[in-house]
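The values are calculated or read from the model by the stated rules, or taken from the named source; none is laboratory data. As the structure is a prediction and not an experimental result, all values here were calculated from the model. Note that we place each Cβ from the backbone using ideal geometry, even for glycine, and neighbour counts take in every protein chain shown. Note: areas computed on protein heavy atoms with side chains; ligands, DNA, RNA excluded. Shrake-Rupley method; radii C 1.70, N 1.55, O 1.52, S 1.80 Å.
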Amino acid sequence: MRRISVPLWLGLGILALLLLCAAAPQLLWPTDPLAFDFAALTAAPSWAHPFGTDQFGRDMLARTIAASSVDLQIALFSVVFPLMIGTLIGLAVGWYGGWLDAVFGRLVDLVVTFPFLVLVIAIVAVLGPGLVNMYIAVACVGWVAYARLIRGEVMVQRNSDYVAAARVLGYSTARIVFRHILPNALRPVLVYSVTDMALCILLGSSLGYLGLGAQPPTAEWGVLIADGKNFFTTAPWITLFPGVAIVLAGLGFSLAGDGLADLLEVKR
Amino acid sequence: MMDTKVPVSRRALLGGVAAAATVSAFGLPTPAEAAPVLGGKMIYARYADSQRLDPVFTELNVDIWVMNNLFDTLLLPTPDGKGLKEGLATKWELSDGGKTVTLTVREGVKFADGTPMTMADVKFSLERAMNPKNGSWNSMVASVASVEVTEPATVVLKLKHPDPTLLAALAMFNTSVLPKAMYDKIPGKDDDEKGKIFGQKPMGTGAFYVSDWKIGEVMWLKKNPYYWKKDAAGVQLPYLDEVEMPVIPDDATRLLKLKAGEVHGTEFIPYARVKELQGDANLRMELWPSTKVTYIQFNCRPEYKGKPNPLSNVKVRQALNYAVNKDAIIAITTHGLGKPLSSFMSSVTPLHTGSGPVYPYDPAKAKALLAEAGFAKGLEITCHALSGNQDDQNNLTTIQQMLAQVGVKFTIEQMDNASRVAAYRKGDFQSRTAYWTDDIADPSEITSYFVYSPTVDCLHTGWKSEEADKLFVASQEEVDPAKRAAEYAKMQDIFNHTGPTMPLYETPYPVAFRKNAKGFVQIPLGNNYFEAAYVEK
Amino acid sequence: MNRSTWLLLRLLQVIPTFLLIGVAVFVLARLLPGDIVSSMLGERASDAAINRMTHQLGLDRSIGAQMLSFLESVARGRLGDSLAFHVPVLKLIGDRLPVTLLLSGMATLIAVAVAVPMAFVAALTANRWPDLLIRSVFQVGLSSPVFYVGLVLLTVFAGWLRWFPVGGYGDTAGEHLYHLFLPALTLALSFAAVVMRSLRASILQVLTAEYVDFARAKGLRGRVVLFRHVLRNALIATVTLVGLQIGSLLGGAVITESVFAVPGVGRLMVDSIFARDYPVIQALTLVLAVLVSLALLVSDVVQMWLDPRVGR
């Protein structure tokens, strides 16, 4: 094990801040993110509203903080489901190989060939906009990357000495796969999943921006930017702070992911 | 609202005056101003492209609002959208108790390719518009039994019954005159097939013709050198040689292009940015009076998604109306540009009645009405919005907040256009956002759609008033203007107070131009007129 | 297995992928709620008009029958007419595809031009301040949402400074490049970050690999080592990555083209999905799939040519 590097500290620090925002928004800034203030419509940043207000007089600091829980949720769920599905499929494909692997190969081609965003837009359009449907859409596409990673690891380890030994000892397939192969194969997957969270936040906010992600009045960074688009020149604070928040969150996850990869010595 | 821009002449309102007066009503420069510049090109950015420029088969405003530059109708709407004036016909009279209409057609009119317009063209075009198999607008001229023409210049329409809306229908885009000889040469087994091809490269007697069209990107209109209209000074219209219409769906990008001087004008300025543009010394913000009304509509059927639907109770609908402060919405969404509706139809629509908001803001009354209806503990309602539409979002976010204060949980569901329209047509919505613009200078179009249940179940809401239905049927054959007005007053009263909508506001059409681009006109029906537009150097 | 057999197999693999995509996109398009007729005719159209058009477009036939006739016409190289615009789909796509290709090409060039030298600097100064600086700057690029960056670049460089035109495509080749620069830059931002990261990693890997040490031990000068081994391996990595990234580049083009009003296939795709213009959705997906497959194929071939181990 190496020691924890500066970028990793930085990434973890950013993530801790976001977690704090998500867990205890009232603690950081007690203003209600949904409360209108007709006396301060599109007000510039001030002591009362450090990030300014939007066209309804809602406090942008409170909204940016409130959005962090939604975006973290997006990062988590958009990764967890593909990870689980992809891991199971990857294990099966890697272990059994043969025709299963051939079918998998075609599926991978299909998903790789299909422009990702277009596919997600189409799936969300079918199911209707909203976070849950967005997760489903992302899972439909996202599992492939995980399955590929796991498959590769499993194929390497399938022929390793310890698996051969386990076979000789008469262990069941399930035991070999889940108790021996999986823990070893999971490490690069977990590292990848942290970086993937950064991409998912970007994707979630892009869909929010297109009106296909989180629904109002839910505050989500992409939605906040879309809402403030008309005020981009006259009241730039409405879009600026959520924009910075997205970059910051993405940075946090990427730095943490890179740092973890170095720390755990995972090849990328 | 903001009527100062269009100096409407009284004479023009009454119709049947010389073309000169007509044109001056279109906001042409007064003698104090410099003479219009002849020739050149105007670039006008649109938010979406046209789809099918065929007067009979079109369905969409993106087609309708530009077709008046390509085609003419026998009569034309006046600039205020309420009256009629001469178009391809110079005179018209009713006889036989309103069952015969005789029109005298202007002589010497030519299509854009130089071929003269004949009476055969007129007869063919009217009959094509009347054919019940063609398009969605034939009902507007369904009262016509036959079209008879005599050369050189007379058209006689025999009606099945007196029809107070027929003259207005002769000024509606679907009765535009098309070149029969050119149309006959187009291959195709029926009007729909031929119309598809014609609609790609349409030509009429209008001020311009479509010279080139990259679909979804840009359309070019070129001057019709044979156009029949002249301005007050006797100068041949149109002034411009060419109009270029690029399609730029993104509001922010479209406005940046205007501010950078890459286009001369653009439409659908977001209300949030009107003030900013008004303050820009290089630009001129124009707010044209319009028939556009914005409202929320409620499903009135007893059940929605298998559960009892509280909106079927008129008291609940009234309560929601009282609970929402329309002035706050007007301030937030339209930035003060809209005004509260005093009826379901716009105040510019003929026979509109009412003054002041239909439901003043009164949350206490709303709560009382909800309690009477048995919802003292509150209720939940969902609303279909158009995804990505800022106005919808602003309206609904505000409504959501206000309804929460009277115990109503209002859930917004964003949908893309196709899904939303499909749900609408099936009546599969609890409430939804909507807006309307008139296509005809008469209240019958909007009333048929909103109030008369046999048309589309009153906005597909399932609402129905037997009395209003009867009134509408009677008004459609009523030739006495006073009686017809009384029928309309009663229908508006019934619909406004028990109907399936929450009227929000009426708004002008916001368009903006560079200071040197002048003479564009948008009438309350939405039609864009470029015939008197010009660009100063 | 020799190289030509490998190439042939690789080509053959593409065919079932296309068939699968054809079926998948057909089914997906039909699953979309609402239909073309509603969206074409709008809210006010009469039921009779709706029914008439549904019949004319053949949308009242069974899904199976529609799918068969779709696959049949595709096999004959016909992709039908756009339902919304009444023109052949291939003409619509043909007009717009070059725009998107130029945009993606420019984005790739910009990304590679920036990322490759930076990756070398970063790798050679690994974990010292130039490396950390470069990595953080690119990291920010990777984390920036395309729609926001696009809006900022457009407002600042086109709106305020007037250095570039506000979106559009222009008429001449020179104008095309000028108009597409900002959107290409937007698109290149995250792409450059991806290229830089993996290139840096692969350079580091080669630098620490045994054969470089071996080469050094043999007395070759450091620079020669860099050029011989590192550059070639880095190139392989870059080519692979560019091939793999074409799909997401086209995806990113969807949003970029909307923000910058670029008349490319990305915008056409979104418009067609929203309008339920089935023939355009289907044809466009197929065309894009062919493109991506070609890109992958080309990158495989280039890889094979650069790296003798592949395909043996």
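Within the range C:158-172, one or more residues are more than 13 Å from every other protein chain (Cβ to nearest Cβ) and modelled with pLDDT of 80 or more. Filtered by the rule that a residue be more than 7 Å from chain A (Cβ to nearest Cβ) and either free of Cβ contacts under 8 Å to residues at least 40 places away in the same chain or surrounded by fewer than 20 Cβ atoms within 10 Å (Cβ to Cβ) (or both), the range B:397-412 gives B:ALA404, B:GLN405, B:GLY407, B:LYS409, B:PHE410, B:THR411.
Filtered by the rule that a residue be within 14 Å of another protein chain (Cβ to nearest Cβ), open to solvent by less than 30 Å² (accessible area, probe 1.4 Å), in contact (Cβ under 8 Å) with a residue 24 or more places away in the chain and in a helix (DSSP H, G or I), the range A:116-165 gives A:LEU117, A:VAL120, A:ILE121, A:VAL124, A:ALA125, A:MET134, A:VAL138, A:VAL141, A:GLY142, A:VAL144.
Among the residues of the range A:220-241 satisfying the criterion of being part of a loop (DSSP other than H, G, I, E, B) and open to solvent by less than 10 Å² (accessible area, probe 1.4 Å), which is farthest from the other protein chains (Cβ to nearest Cβ)? Per the criteria, the residue is A:GLU220. In this structure, is A:LEU83 of a type outside the set (Ser, Thr, Tyr), in a helix (DSSP H, G or I) and either under 24 Å from C:GLY22 (Cα atoms) or modelled with pLDDT under 85 (or both)? Spelling it out, it is not the case that A:LEU83 is of a type outside the set (Ser, Thr, Tyr), in a helix (DSSP H, G or I) and either under 24 Å from C:GLY22 (Cα atoms) or modelled with pLDDT under 85 (or both). Which residues, taken from the range C:251-265, are more than 8 Å from chain A (Cβ to nearest Cβ) and on the phi < 0 side of the Ramachandran plot? Once the filter is applied, which keeps residues that are more than 8 Å from chain A (Cβ to nearest Cβ) and on the phi < 0 side of the Ramachandran plot, the range C:251-265 yields C:ALA253, C:THR256, C:GLU257, C:SER258, C:VAL259, C:PHE260, C:VAL262, C:PRO263, C:GLY264, C:VAL265.
Here are some residues: B:GLU506, B:GLU477. Which one is closer than 21 Å to C:ARG44 by Cα, in contact (Cβ under 8 Å) with a residue 12 or more places away in the chain and among the charged types (D, E, K, R)? Step by step, each of B:GLU506, B:GLU477 is checked, and only B:GLU506 is closer than 21 Å to C:ARG44 by Cα, in contact (Cβ under 8 Å) with a residue 12 or more places away in the chain and among the charged types (D, E, K, R). Return a yes/no flag: does the range B:460-477 have any residue that is among the hydrophobic types (A, V, I, L, M, F, W, C) and either within 14 Å of chain C (Cβ to nearest Cβ) or in contact with a Cys (Cβ under 8 Å, 6 or more places away or on another chain) (or both). There is at least one residue in the range B:460-477 that is among the hydrophobic types (A, V, I, L, M, F, W, C) and either within 14 Å of chain C (Cβ to nearest Cβ) or in contact with a Cys (Cβ under 8 Å, 6 or more places away or on another chain) (or both). Looking across the range B:235-254, the residues that are open to solvent by less than 40 Å² (accessible area, probe 1.4 Å) and either at the interface with chain C (Cβ under 9 Å from one of its Cβ atoms) or among the small types (Gly, Ala, Ser) (or both) come down to B:PRO246, B:VAL247, B:ILE248, B:ASP250, B:ALA252, B:THR253, B:ARG254. Among the residues here, C:VAL270 qualifies as at pLDDT 75 or above and out of contact with any Gly (no Cβ under 8 Å at 6 or more places or on another chain).
In this structure, is A:LEU255 among the hydrophobic types (A, V, I, L, M, F, W, C), buried (at least 21 other Cβ atoms within 10 Å of the Cβ) and at the interface with chain C (Cβ under 10 Å from one of its Cβ atoms)? It is true that A:LEU255 is among the hydrophobic types (A, V, I, L, M, F, W, C), buried (at least 21 other Cβ atoms within 10 Å of the Cβ) and at the interface with chain C (Cβ under 10 Å from one of its Cβ atoms).
Each residue in the range B:258-293 was checked for being of a type in the set (Lys, Arg) and either open to solvent by less than 20 Å² (accessible area, probe 1.4 Å) or away from chain A (no Cβ under 14 Å) (or both), and 3 pass.
For the range A:178-195, a tally of residues being aliphatic (A, V, I, L, M) and surrounded by 20 or more Cβ atoms within 10 Å (Cβ to Cβ) returns 5. Looking at C:VAL89, is it of a type in the set (A, V, I, L, M, F, W, C), under 30 Å from C:GLY22 (Cα atoms) and in contact with a Pro (Cβ under 6 Å, 6 or more places away or on another chain)? Against the criterion (of a type in the set (A, V, I, L, M, F, W, C), under 30 Å from C:GLY22 (Cα atoms) and in contact with a Pro (Cβ under 6 Å, 6 or more places away or on another chain)), C:VAL89 qualifies. Determine which member of the set A:VAL70, A:VAL93 is open to solvent by less than 40 Å² (accessible area, probe 1.4 Å), at pLDDT 85 or above, under 30 Å from B:GLN393 (Cβ atoms) and in contact with an Asp or Glu (Cβ under 9 Å, 6 or more places away or on another chain). Exactly one of A:VAL70, A:VAL93 is open to solvent by less than 40 Å² (accessible area, probe 1.4 Å), at pLDDT 85 or above, under 30 Å from B:GLN393 (Cβ atoms) and in contact with an Asp or Glu (Cβ under 9 Å, 6 or more places away or on another chain), namely A:VAL70. Here B:LEU320, B:LEU311 are screened, and the one residue that is touching a Phe, Trp or Tyr at 6+ places or on another chain (Cβ under 6 Å) and more than 14 Å from every other protein chain (Cβ to nearest Cβ) is B:LEU311. The condition (being among the hydrophobic types (A, V, I, L, M, F, W, C) and in a strand (DSSP E or B)) is satisfied by just one residue among B:LEU76, B:LEU126: B:LEU76.
No other residue among C:ALA119, C:ALA158 is farther than 26 Å from A:GLY211 by Cβ, among the hydrophobic types (A, V, I, L, M, F, W, C), part of a helix (DSSP H, G or I) and in contact (Cβ under 8 Å) with a residue 12 or more places away in the chain apart from C:ALA119.
When the residues of the range B:442-452 are filtered to those that are open to solvent by 10 Å² or more (accessible area, probe 1.4 Å) and either touching an Asp or Glu at 6+ places or on another chain (Cβ under 9 Å) or aromatic (Phe, Trp, Tyr) (or both), the one that is nearest to the other protein chains (Cβ to nearest Cβ) is B:TYR449. Please tell me if B:TYR505 is within 30 Å of B:ILE43 (Cβ to Cβ) and among the hydroxyl-bearing types (Ser, Thr, Tyr). It is false that B:TYR505 is within 30 Å of B:ILE43 (Cβ to Cβ) and among the hydroxyl-bearing types (Ser, Thr, Tyr). Residues in the range A:30-55 that are within 10 Å of chain B (Cβ to nearest Cβ) and either without any contact (Cβ under 8 Å) to a residue 24 or more places away in the chain or open to solvent by less than 70 Å² (accessible area, probe 1.4 Å) (or both): A:ALA35, A:PHE36, A:PHE38, A:LEU41, A:THR42, A:ASP54, A:GLN55. Between B:ALA489, B:ALA468, B:ALA512, B:ALA533, the distinction of being open to solvent by 10 Å² or more (accessible area, probe 1.4 Å) and among the aliphatic types (A, V, I, L, M) belongs to B:ALA489 only.
The condition of being farther than 30 Å from C:ASP277 by Cα, under 22 Å from the mean Cα position of the chain (by Cα) and buried (at least 20 other Cβ atoms within 10 Å of the Cβ) holds for only one of C:LEU153, C:LEU92, that being C:LEU153.
Looking at the range B:367-388, which of its residues are in contact with a helix residue (DSSP H, G or I) (Cβ under 8 Å, 6 or more places away or on another chain), in a strand (DSSP E or B) and closer than 30 Å to B:ASP250 by Cα? Within the range B:367-388, B:CYS383, B:HIS384, B:ALA385, B:LEU386 meet the criteria.
Of the residues that sit in the range C:271-280 and are open to solvent by less than 10 Å² (accessible area, probe 1.4 Å) and either assigned to a helix (DSSP H, G or I) or within 10 Å of chain A (Cβ to nearest Cβ) (or both), which one is farthest from C:LEU97 (Cα to Cα)? Looking at residues that are open to solvent by less than 10 Å² (accessible area, probe 1.4 Å) and either assigned to a helix (DSSP H, G or I) or within 10 Å of chain A (Cβ to nearest Cβ) (or both), I get C:ARG276.
Here is a yes/no grid of residues against (1) modelled with pLDDT under 95; (2) under 30 Å from B:LYS426 (Cα atoms):
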{"position": "B:LEU240", "(1), (2)": "no, no"}
{"position": "B:HIS264", "(1), (2)": "no, no"}
{"position": "B:PRO270", "(1), (2)": "yes, no"}
{"position": "B:LYS305", "(1), (2)": "yes, yes"}
